[in-house]
Amino acid sequence: MAVTIAQPGHGRDLAYPLAARTARPEGSVVEIGGVPFGGRELVVIAGPCAVETAEQVHAAAHAVAEAGARVLRGGAFKPRTSPYAFQGLGVEGLHLLAEAGRAAGLPVVTEVLATEDVAVVAEHADALQVGARNVQNFALLKALGRAGRPVLLKRGMSTTIEELLMAAEYVLAHGNPDVILCERGIRSFDPSTRNTLDLAAVPVLAALTHLPVVIDPSHGTGRRDLVAPLSKAAVAAGADGLIIEVHPDPETAWSDGPQSLDPRMFADLMRELAGYAALEGRALAAPRWRDARPRSWSTPVGAYRDQIDEVDDQILALLEHRAELGQRLGRIKVAAGQPLRVPEREQDVIDRAAAAAAGPGGLGPDAVVRVFRAIVSETRAVQEDRLEVPSAGLGVAG
Ligand code: PEP
Ligand code: MN
């Protein structure tokens with residue numbers, strides 16, 4: 001039940017009239033440094049929990065940018081449960097984050113802890129994050145109404161959805177229309193995960209508000225092994241974006257190492273997410289090495305070409321993933337002194353694909369056999385090349 005406040009004659013009885021879906025039934029698009037949240041694109045924000053050193057944040061920025069993240073995150077002012085834990089580099093951290101973002105070509109988002117820091121954080125960051133512990137810091141929310149920067153507002157660990165919306169309303173009512181909501185896990189009785197990620201919040205919020213919603217599976221679970229499955233589930237639930245902690249070397253992270261992905265895990269996740277995004281009718285930014293031609297949805301032919309380009313991006317991502325698996329398999333075989341090439345296995349891969357393609361539609365088994373022969377032989381060529389072993393009699397079918 002919505003909380004009501006008496007506003008006689010005003011005609012609006014919700015406690016959050018500006019945030020309510022009815023204020024903008026078509027939904028809002030909120031941009032961080034030109035990157036749109038709430039549109040067709042599924043946007044991924046990634047980076048370390050905290051800015052630690054110039055090298056660390058640069059490495060993280062480049063890794064996440066290359067994998068297709070569109071915004072860099074990193075805490076300079078850290079809300080730590082213990083006053084003796086690393087509190088962040090403060091203003092120096094803001095400088096390092098902004099530099100890393102510029103170098104990697106990404107806008108940046110970082111947390112503002114205190115009202116008196118709003119101006120300096122707004123000077124260096126493209127968006128200001130309100131942490132879970134500050135979601136009902138009304139003085140801070142009011143100040144953010146005048147910050148001139150978009151706000152990433154995190155739900156608190158015991159904040160109801162309605163309270164979250166009223167917190168957003170503070171920012172909106174004080175002059176700032178650019179608010180993105182973030183579900184990052186709520187406190188429950190179960191210590192298996194750091195928090196309980198409330199994915200139901202995504203469709204619930206979609207019904208109640210026009211504001212974009214992103215999911216934080218890192219703080220939502222506290223466990224790096226759960227980041228990928230919960231990211232996929234968030235996409236399926238309709239999230240507009242994700243915010244994911246990525247550290248160049250999570251084992252040495254100064255904060256939240258156990259929930260941080262390393263660059264390879266993050267790149268693998270981004271590849272996988274492309275398919276999930278496509279299922280939801282959303283586009284995920286392609287990794288940097290792919291060309292970024294302007295989209296041409298304005299004509300029917302252009303729309304189909306764009307969709308075909310997206311499918312091609314996914315095929316390329318899968319081919320890359322397959323080649324990488326071939327490399328890993330190859331290294332194990334070389335270490336064990338086993339032959340790389342197993343012709344029966346190659347034939348099995350091709351037969352399997354042909355059988356799977358036997359149904360109506362698609363290319364048909366003969367064409368699929370030709371495509372898979374090429375995939376198998378090209379994977380083998382790359383493997384021989386990169387593993388630097390004599391080419392005669394080598395190979396991998398995958
Ligand atoms: C963070 O994202 O850096 C953070 C501290 O998260 P939360 O406020 O959700 O705990
Ligand atoms: Mn963190």
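The values are calculated or read from the model by the stated rules, or taken from the named source; none is laboratory data. Predicted model, so just to flag it, every value in this text is computed and none were measured. Quick reminder, even Gly has a Cβ in these numbers, built from the backbone with ideal geometry, and neighbours come from all protein chains shown.
Just checking, which of L279, L208 is surrounded by fewer than 24 Cβ atoms within 10 Å (Cβ to Cβ), in contact with a Lys or Arg (Cβ under 8 Å, 6 or more places away or on another chain) and not assigned by TED's automatic domain parsing to the domain that holds L316?
Every option except L208 fails the conditions.
Counting only residues that are out of contact with any Lys or Arg (no Cβ under 8 Å at 6 or more places or on another chain), within 15 Å of ligand 1 (Cβ to nearest atom) and aromatic (F, W, Y), how many does region 83-110 have?
Of the residues in region 83-110, 0 are out of contact with any Lys or Arg (no Cβ under 8 Å at 6 or more places or on another chain), within 15 Å of ligand 1 (Cβ to nearest atom) and aromatic (F, W, Y).
Name the residue that is farthest from ligand 1 (Cβ to nearest atom), counting only residues in region 53-82 that are of a type in the set (G, A, S) and outside any helix (DSSP H, G or I).
Among residues in region 53-82 that are of a type in the set (G, A, S) and outside any helix (DSSP H, G or I), the one farthest from ligand 1 (Cβ to nearest atom) is G68.
Considering only residues that are over 22 Å from G34 (Cα atoms) and either surrounded by 24 or more Cβ atoms within 10 Å (Cβ to Cβ) or charged (D, E, K, R) (or both), which ones fall in region 53-72?
Result: E55, single match.
Here's the yes/no breakdown for (1) touching a Lys or Arg at 6+ places or on another chain (Cβ under 6 Å); (2) within 16 Å of ligand 2 (Cβ to nearest atom); (3) more than 26 Å from A207 (Cβ to Cβ):
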position	(1), (2), (3)
L226	no, yes, yes
K232	no, no, no
V235	no, no, no
L242	no, yes, no
V246	no, yes, yes
G257	no, yes, yes
D268	no, no, yes
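(1) surrounded by 23 or more Cβ atoms within 10 Å (Cβ to Cβ); (2) out of contact with any strand residue (DSSP E or B) (no Cβ under 6 Å at 6 or more places or on another chain); (3) closer than 16 Å to L164 by Cβ: which one isn't true of I215, the others all being true?
Every listed condition holds for I215 apart from (2).
From the list G75, G156, which residue is in the same structural domain as L242 (by TED's automatic domain parsing) and crowded, with 24+ Cβ neighbours inside 10 Å?
Exactly one residue qualifies, and that residue is G75.
Can E245 be described as part of a helix (DSSP H, G or I) and either closer than 20 Å to H219 by Cα or modelled with pLDDT under 90 (or both)?
Taking the combined requirement at face value, the residue does not satisfy it.
Tell me which of these A85 doesn't satisfy, since it passes every other one: (1) farther than 17 Å from V246 by Cβ; (2) outside any loop (DSSP other than H, G, I, E, B); (3) of a type in the set (A, V, I, L, M); (4) in contact (Cβ under 8 Å) with a residue 60 or more places away in the chain.
Exception for A85: condition (2).
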